Amino acid sequence: MDVRFDMFGNEVAVKFAKRFANAGLVIHQSSLPRSTQELVSLRASQINGCGWCIDMHTKEAAAAGETAVRLHLVAAWRESTVFSEAEQAALALAEEGTRLADAHEGVSDETWAAVRKHYDDDQIAALVALVALINAANRLAVIVHQRGGSYEPGMFAAALG
């Protein structure tokens, strides 16, 4: 499967990517812990089958100090002991917010209550925006067959310079 379209080699696509990345800066600069941001992005990307984003978020998380054990267990977070209650709430929100078509109610009241218990309003705003943004990024990459494996930490930021 070859890349269908170079999103970093087209003027319109690069302009969009820069604006998209600027929206992401609001999240990155929020008080939502960076490790939570990467875990949520990784989990949504796993669900959506986005190799590019899985590659990026795994490597960015590792470069920021995330452990290999936690990264390997994100896909089975419910069956592990390495995530805090707050992280579990964020991962549940990521899953339910990603699988909207799979459930008639979207995000459950139980998950929302867990998120409210562990995060303040600014962190919740960042978390909701992050779930929306990573799902959009997954769709962009999957549509054009942007494949994982070649990403290096910091590459995305450098490409948008």
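The values are calculated or read from the model by the stated rules, or taken from the named source; none is laboratory data. Just so it is clear, the structure is predicted and the values come from calculations on it, not from any experiment. Cβ coordinates were reconstructed from backbone atoms using ideal geometry, including for glycine residues, and neighbour counts include every protein chain displayed. Please note that ligands, DNA and RNA were not included when accessible areas were found on the heavy atoms of the full protein model with its side chains. Shrake-Rupley method; radii C 1.70, N 1.55, O 1.52, S 1.80 Å.
Numbers at a glance
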quantity	calculated
Kirkwood estimate for the chain, i.e. one over the average of 1/r between Cα atoms, Å	16.2 Å
For segment 36-100: accessible area per residue (Å², 1.4 Å)	39 Å²
Sites Val3 and Ala129 - FRET efficiency at Förster radius 25 Å, r taken between beta-carbons, to 0.05	0.35
Acute angle (nearest 10 degrees) that the helix 121-143 long axis makes with the longest principal axis of the chain, alpha-carbon atoms	40 degrees
Most mobile of Ile134, Ile54, Ile124 in a GNM of the chain (Cα contacts under 10 Å)	Ile124
Relative contact order (%) - criterion: Cα under 8 Å, at least six apart; region: the chain	39 percent
FRET efficiency, His72 to Trp112 (Cβ-Cβ, R0 30 Å, nearest 0.05)	0.60
Sequence of Glu38, Glu96, Glu105 from largest to smallest accessible area, 1.4 Å probe	Glu105, Glu96, Glu38
The chain: calculated mean residue ellipticity at 222 nm from DSSP helix runs of at least 4, using -39500 (n - 2.57)	-20500 deg cm²/dmol
Carbon plus sulfur fraction of accessible area for segment 29-111, probe 1.4 Å, in percent	52 percent
Tilt relative to the chain, helix 109-118 - C-alpha long axis, 0 to 90 degrees, to 10	90 degrees
Theoretical gain in end-to-end length, Val144 to Glu79 [0.36 nm per residue, Cα-Cα removed]	20.1 nm
Degrees, to the nearest 10: 11-28 long Cα axis against longest axis of the chain	30 degrees
